[in-house]
Amino acid sequence: MEDRHDAIIIGAGVIGAATALELARLGYRCLGLDRLPAAGYGSTSNSCAIVRVHYSTFDGIALAWESYHYWHDWAKYLEVPASHDIARFVECGCLVMKTEHNHYLEKHLRLSDELGIPYEQWSAQMIRKRLPIYDTRRFGPPRAMNDDDFDKATGSELAGGVFWPTAGYVSDPQFCTRNLQSAAEAKGAEFRFGCEVVSILKSDDGRVRGVRLEDGTEIASNIVVNIAGPHSAVINEMAGADEDMTITTRALRQEVVHVPAPEGFDFERLGMVVSDSDIGCYVRPETGNNILIGSEDPECDPREFVDPDDYQSNFTEQSLTQACRYALRVPNLGIPSTPRGAVDLYDVSDDWIPIYDKSGIPGFYMAIGTSGNQFKNAPVAGKMMAALIDHCEKGHDHDLQPLSFHLTHIDRDIDMGFYSRRRSINNESSFSVLG
Ligand SMILES: Cc1cc2nc3c(=O)[nH]c(=O)nc-3n(C[C@H](O)[C@H](O)[C@H](O)COP(=O)(O)OP(=O)(O)OC[C@H]3O[C@@H](n4cnc5c(N)ncnc54)[C@H](O)[C@@H]3O)c2cc1C
């Protein structure tokens, strides 16, 4: 095998490309491989790309708050002039409705105070002022469409909400992944597309020594990183890396539907990201004055874990359910008869917290289980993975003494053991896309 690299990354989605960039910045001759034709073509391409700062755990919120700073100055992070044609972070803020389900956001507010994250408390009246298309009655808990009480109000008024201004969405998740690819290439990284990894090669001593592609080509490297998104479990099994893991990952099918904003209201300019567990939906503005509606996976909806290579990629009744739930909040919403939007997969871990870790196989690492909520953290995930790989390759045992990672913008340290593949299930998690 003459084709040799310091590190091979399987997967050129947003986290794979960010990790390639950070490894290249550390001086690793890095190769990104993807079976699809270009960077960000996998689940990243259909990401809602919402960047928010509220999470229910300290580590979750600290990572998101640190990451926000990279999106806020994307050009600086990429090390390109501000005039460069790069993806846009639309900083429209994020409103989260206070509900019994999220314990009226008490934990989120305490953590925001601890980290100095700005927020505003909005009454139901204030919500109606900012979003005059909204009906602020309570409808929760969310119900299935065939429930006779689907559209019945359960209370006269929501308990209000919290607006985090330092939030928004990235205009084009695929384009921002290409930005990461270009930045990584400028530092010497290489990418190859249309290359499916079918085998992880190991030496007699058990260390990884490279990968084999579908066409039989072998590429040598003593470091291989699994960032294969919804295929993460397939790659771990291929490597035999799943044997010492207590947390596993599975592909979960999701539908995201786009509907036009009600006539007369410019949601694209005046709207914001809204997380609304009272109706089990989150929304954000979408180009062309549309509204993108995703699901917060309420308990009444069955979770559809699938084979990532064999699943129903057309819309089902689920997209209509999501649109109808949002129509409870926005009575003038028009719902097109033919659904538009996306069907794709989350790579979900058992506690909906990602795994950023080494493995039991020397040289094999993983950034997986991103559970529908790690797009926003890609820049920091890339930095953490590069630091972790460098640390382990210098002989440290991260399992015994987990690496402490410094978040430079917010000047905090986080214990990377939080993201271990061998952790106990974290009961502080929301066990949902909200993390
Ligand atoms: C519908 C949806 C909405 C989302 N919304 C948000 C959001 O609003 N905010 C947020 O923060 N996060 C969100 N997420 C989550 C976020 O998009 C993901 O966490 C993130 O995009 C994952 O990036 P990745 O690089 O890990 O994986 P992917 O983008 O999935 O990339 C993995 C790559 O690995 C490649 N691959 C797989 N197997 C092989 C193989 N054998 N050989 C070679 N290549 C291989 C694939 O082709 C793919 O390109 C959402 C996800 C989905 C699906």
Legend entry - Those trypsin sites (Lys or Arg not before Pro) in the stretch 219-311 that DSSP places in a loop and that have at most 14 other beta carbons within 10 Å: Arg303
Legend entry - Residues Met238, Met366, Met384, Met126 arranged by fewest to most Cβ contacts within 10 Å: Met126, Met238, Met384, Met366
Inset, instruction - Calculate, in nm to one decimal, what Asp148 and His409 gain on full extension: separation in residues at 0.36 nm each, minus their alpha carbon distance. - result: 88.9 nm
Inset, instruction - Obtain the nm distance between the two label points defined at Glu185 and Leu115 by a simple spin-label model: each point lies 7 Å from its Cα along the Cα-to-C-beta direction. - result: 3.3 nm
Inset, instruction - Report the equivalent ellipsoid semi-axes for the stretch 126-186 in whole Å, largest first, defined as the square roots of five times the eigenvalues of the gyration tensor built from alpha carbon atoms. - result: 39, 18, 9
Legend entry - Extension reserve of the His84-His396 stretch, reckoned as 0.36 nm per residue once the Cα distance is removed: 108.4 nm
Inset, instruction - For an R0 of 22 angstrom, estimate the FRET efficiency from the Cβ-Cβ distance between Thr316 and Arg137 and round to the nearest 0.05. - result: 0.20
Legend entry - Cut-off 18 Å (backbone N to label point 7 Å along Cα→Cβ of Ser123), residues of the stretch 149-171: 156-163
Inset, instruction - Any chance you could list P(r) for the stretch 11-140, counting all Cα-Cα pairs in 5 angstrom bins from zero, rounded to whole %? - result: 2, 8, 13, 15, 18, 15, 12, 8, 6, 3, 1, 0
Inset, instruction - Show me 67-75, 210-218 ranked by packing, highest mean number of other Cβ atoms within 10 Å first. - result: 67-75, 210-218
Legend entry - Neighbour-count order for Trp352, Trp122, fewest beta carbons within 10 angstrom listed first: Trp122, Trp352
Inset, instruction - Determine, for Val348, Val80, the number of other Cβ atoms within 10 Å of each Cβ, and report the residues in order from fewest to most. - result: Val80, Val348
Legend entry - Nitroxide proxy distance, nm - points 7 Å out along Cα→Cβ at Glu100 and Glu218: 6.2 nm
Inset, instruction - Evaluate the Debye formula for the chain with equal point scatterers sitting on the alpha carbons, no solvent, and hand back log10 of I(q)/I(0) at q = 0.11 Å⁻¹, in q order, two decimals. - result: -0.82
Legend entry - the chain: relative contact order as a whole-number percent, Cα under 8 Å and 6+ apart: 23 percent
Inset, instruction - For the chain, compute the number of Lys pairs whose alpha carbons are separated by less than 16 Å, excluding pairs fewer than 8 positions apart on the same chain. - result: 7
Legend entry - More than 11 angstrom apart: percent of Cα pairs within the stretch 269-312: 72 percent
Legend entry - Cα-Cα separations in the stretch 216-303 greater than 22 Å, expressed as whole percent: 54 percent
Legend entry - Contact order relative to length of the stretch 224-319, as percent, for alpha carbon pairs under 8 angstrom and 6 or more apart: 27 percent
Legend entry - Length-normalised contact order for the stretch 1-76 - Cα pairs under 8 Å, 6+ apart - percent: 25 percent
Legend entry - Sum of -39500 (n - 2.57) over DSSP H runs of 4+, divided by residues of the chain (222 nm, nearest 500): -7000 deg cm²/dmol
Legend entry - Kirkwood hydrodynamic radius (C-alpha pairs) into Stokes-Einstein, the stretch 357-405, 10 °C and 1.306 mPa s, D in µm²/s: 138 µm²/s
Legend entry - Contour minus Cα-Cα distance for Phe175 and Leu36 (0.36 nm per residue): 48.5 nm
Inset, instruction - Just report the Cα centroid separation between the stretch 217-235 and the stretch 274-338, whole Å. - result: 32 Å
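All of the numbers you see were taken from the coordinates with simple rules; none came from a lab. Quick caveat, the model's predicted, so the values are computed rather than measured. Positions of Cβ are generated from backbone atoms using ideal geometry, with glycine treated the same way; all protein chains shown enter the neighbour counts.
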